[in-house]
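The values are calculated or read from the model by the stated rules, or taken from the named source; none is laboratory data. For clarity, every value in this text was computed on a predicted model and none was experimentally measured. Please note: Cβ atoms are built from the backbone with ideal geometry, for glycine as well, and neighbour counts cover all protein chains shown.
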Amino acid sequence: MSVHSSSPVRVLLALAGMLAAFLLPTGPAHASAPLRTHAAAKGKFIGAALATSPLANETAYRNLAATEFSQVTAENAMKWDSTEPSQGQFNFSGADAIVNFATQNNQQVHGHTLVWHNQTPGWVQGLSATAMRSAMQNHISQVVGHYASNPTVVSWDVVNEVFDDSGNLRTSFWYNTLGQSYIADAFRAARAADPDARLCINDYNTEGINAKSTAIYNLVSSLRQQGVPVDCVGFQTHLAIQYGFPNDFQQNLQRFAALGVQVRITELDVRMVMPRDATKDATQATYYRNVVNACLAVTACAGVTIWGFTDKYSWVPDTFSGQGAALIYDENYQQKPSYTAVHDALAGGTTTDPTPPTTPGTPSAGNVTSNSASLTWTASTDSGGSGLAGYDVYREQGATDQLLGQSTANSISLTGLSPSTQYQVYVRARDGAGNVSANSALGTFTTTAGPGGGGCTAAGTVQTQWATGYVVQPVTVTNTGTSAITGWTVTFTLPAGHTLTGSWNATLTVSGQTVTAKNLAYNGNLAPNASTTFGYQVSRPSGNTQTPSGYTCA
Ligand code: XIL
């Protein structure tokens with residue numbers, strides 16, 4: 001049974017589209033065609049969140065928004081504080097501008113968002129339960145109703161971010177005033193206002209299989225069993241290269257698909273600790289490619305929307321201090337490696353490159369200090385057509401080798417190494433199609449002892465915990481040597497199944513279960529006996545009370 005009936009307008013439009021497809025020349029998408037051409041060939045949408053002001057004022061912004069994307073989401077213009085700033089006073093000027101732009105460019109609009117705890121005016125938050133429920137129903141009915149007969153607007157985020165990271169319903173003013181029933185009521189009101197619109201629940205930190213995504217899974221399953229019209233689940237996918245990629249993303253999408261809902265990536269961006277460099281860009285590109293490939297691999301995944309497209313306009317620097325460069329064009333509208341990754345993933349299958357790059361030369365070390373070294377090697381070549389994408393540098397460690405770094409050039413500077421330690425390292429090359437070369441021969445070097453018997457220690461304390469997570473604060477880093485240190489690197493191991501969800505006062509990167517924490521600019525200098533601290537948060541399978549171990553400092 002389909003939950004969607006089709007209005008006569010939509011049937012006519014669908015017929016017109018089929019006719020156009022019949023009349024227009026067809027054939028494989030050209031390799032350099034825009035993203036939307038490749039996405040359409042795969043039966044998916046590729047979307048972007050649009051901001052009202054550059055859309056009105058910048059030609060370059062408008063042109064890319066129109067040509068590259070087949071779907072748009074209003075970054076802010078459809079939120080409650082824009083559409084109903086005072087009770088009963090509706091203002092659709094910003095929202096209409098985006099919808100009209102989309103109509104002109106043959107794009108679909110995903111409505112974002114009806115019921116959220118943020119960007120909702122104070123007048124809503126202070127209402128009594130009865131008044132709040134009817135204000136919510138009226139808001140949904142007016143906003144969804146405004147676009148119900150407009151075929152450009154096809155779907156809505158009905159509720160946004162209703163869970164906290166430990167998988168409990170968020171104690172927002174909605175929940176505190178109305179209890180859990182507001183969620184089902186919101187979906188019913190949206191269905192009543194537009195029986196044809198696809199209705200979604202949307203959230204963040206739900207890409208992997210974890211307590212929060214499982215809570216959404218259980219809620220969607222139970223709402224649908226009760227006949228509540230939930231058609232779709234949105235995964236915001238605000239990722240950060242320093243926290244690792246959720247490798248079970250595709251598996252997670254697939255388990256939701258098995259509930260009978262559509263899934264979609266709704267707010268993709270991949271931020272990095274600034275400044276941007278080629279290595280971070282390459283890692284970011286891998287994340288983008290993985291996300292697009294996960295959606296392509298799951299039939300029920302309708303498409304991928306990026307939260308903006310140019311680094312000139314992104315919420316990241318304002319929200320995550322010291323981080324940025326999260327999108328696929330730079331601030332001058334130049335394509336980044338992340339653009340190429342999205343493009344090539346969407347275009348995958350139209351050009352095939354089965355040939356891996358040649359094996360890189362043996363890495364040789366120079367400028368070896370107590371905690372750093374530079375490596376160079378003879379470059380690989382790639383003849384398969386997709387081109388050389390970069391190199392991965394590993395430390396040989398027996399069963400699981402450690403990724404020391406990535407580079408797009410045939411050299412790398414390694415930092416954060418341990419003093420008086422022998423390193424055996426090898427390099428392998430990647431191409432644009434994801435083919436990997438054989439490992440190079442091993443290069444060997446030994447770090448020096450370090451000035452003045454320098455050394456440091458680290459130890460962490462669990463400050464608070466709950467069933468599905470905990471905070472480690474402080475991790476105390478102490479200079480136990482006799483001379484000052486100018487930077488430190490702490491490593492520790494997370495128990496199996498535990499994942500890092502946040503950190504402060506250090507930059508954390510994750511490889512497998514090994515976490516590497518490096519000082520920030522302001523807390524790297526430690527005089528002998530001086531200490532500094534950082535902290536982090538972890539989510540864990542409910543009730544698994546193991547804690548991180550094996551703190552080392554160098
Ligand atoms: C963000 C916008 O990008 C910012 O411009 C605004 O100031 C705050 O909201 N999850 C969501 C989005 O669902 O609505 C948020 O958008 C980003 C996080």
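Quick notes on this one:
A quick yes/no check of all residues on (1) more than 20 Å from residue 223 (Cβ to Cβ); (2) surrounded by fewer than 18 Cβ atoms within 10 Å (Cβ to Cβ); (3) not hydrophobic (A, V, I, L, M, F, W, C):
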site	(1), (2), (3)
101	yes, no, no
124	yes, no, no
127	yes, yes, no
137	no, no, yes
140	no, no, no
169	no, yes, no
183	no, no, no
190	no, no, no
193	no, no, no
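- Top-ranked residue in the stretch 150-172 [being in contact with a strand residue (DSSP E or B) (Cβ under 8 Å, 6 or more places away or on another chain) and away from the ligand (no atom under 16 Å from the Cβ); ranked as nearest to residue 540 (Cα to Cα)]: 166
- Inspection of the stretch 79-88 finds no residue satisfying the criterion of being buried (at least 18 other Cβ atoms within 10 Å of the Cβ) and under 27 Å from residue 346 (Cβ atoms).
- Residue check for residue 111: assigned to a helix (DSSP H, G or I) and either within 16 Å of the ligand (Cβ to nearest atom) or crowded, with 22+ Cβ neighbours inside 10 Å (or both): no
- Considering residues of the stretch 56-78 that are crowded, with 22+ Cβ neighbours inside 10 Å and β-branched (Val, Ile, Thr) only, the residue nearest to the ligand (Cβ to nearest atom): 73
- Pairing each residue of the stretch 232-252 that is among the aromatic types (Phe, Trp, Tyr) with any residue that is more than 16 Å from the ligand (Cβ to nearest atom), provided the two are 6+ apart or on different chains, yields C-beta distances under 6 Å for 243/500; 245/287; 245/290; 249/294.
- Scan of the stretch 120-160 for residues that are among the hydroxyl-bearing types (Ser, Thr, Tyr) and assigned to a helix (DSSP H, G or I), ordered by number: 130, 134, 141, 147
- Contact annotation: residue pairs with Cβ atoms under 7 Å, 6 or more positions apart or on different chains, pairing a residue in the stretch 63-74 that is more than 16 Å from residue 110 (Cα to Cα) with a partner that is part of a helix (DSSP H, G or I), are 68/35; 68/36.
- Only one of the listed residues (191, 271) is over 24 Å from residue 316 (Cβ atoms) and either within 14 Å of the ligand (Cβ to nearest atom) or free of Cβ contacts under 8 Å to residues at least 60 places away in the same chain (or both). That residue is 191.
- Among the residues of the stretch 200-254, those identified as away from the ligand (no atom under 16 Å from the Cβ) and of a type in the set (Gly, Ala, Ser) are 208, 211, 215, 221, 222, 227, 244.
- Failed item, numbered, when residue 175 is tested on (1) buried (at least 16 other Cβ atoms within 10 Å of the Cβ); (2) touching a residue at least 24 places away in the same chain (Cβ under 8 Å); (3) touching a strand residue (DSSP E or B) at 6+ places or on another chain (Cβ under 9 Å); (4) not basic (Lys, Arg): (2)
- Lone qualifier among 241, 265 - being crowded, with 17+ Cβ neighbours inside 10 Å, over 30 Å from residue 185 (Cβ atoms), in the same structural domain as residue 314 (by TED's automatic domain parsing) and not hydroxyl-bearing (Ser, Thr, Tyr): 241
- Residues (in a loop (DSSP other than H, G, I, E, B) and within 19 Å of residue 296 (Cβ to Cβ)) located in the stretch 32-84: 33, 34, 42, 43, 44, 69, 70
- Candidate set from the stretch 38-55 (those that are more than 19 Å from residue 82 (Cβ to Cβ) and surrounded by fewer than 21 Cβ atoms within 10 Å (Cβ to Cβ)); member that is farthest from the ligand (Cβ to nearest atom): 41
- Count - residues of the stretch 149-167 that are at positive phi and touching a residue at least 60 places away in the same chain (Cβ under 8 Å): 1
- Taking the conditions (1) within 16 Å of the ligand (Cβ to nearest atom); (2) assigned to a loop (DSSP other than H, G, I, E, B); (3) in contact (Cβ under 8 Å) with a residue 40 or more places away in the chain in turn, residue 304 satisfies each one other than (2).
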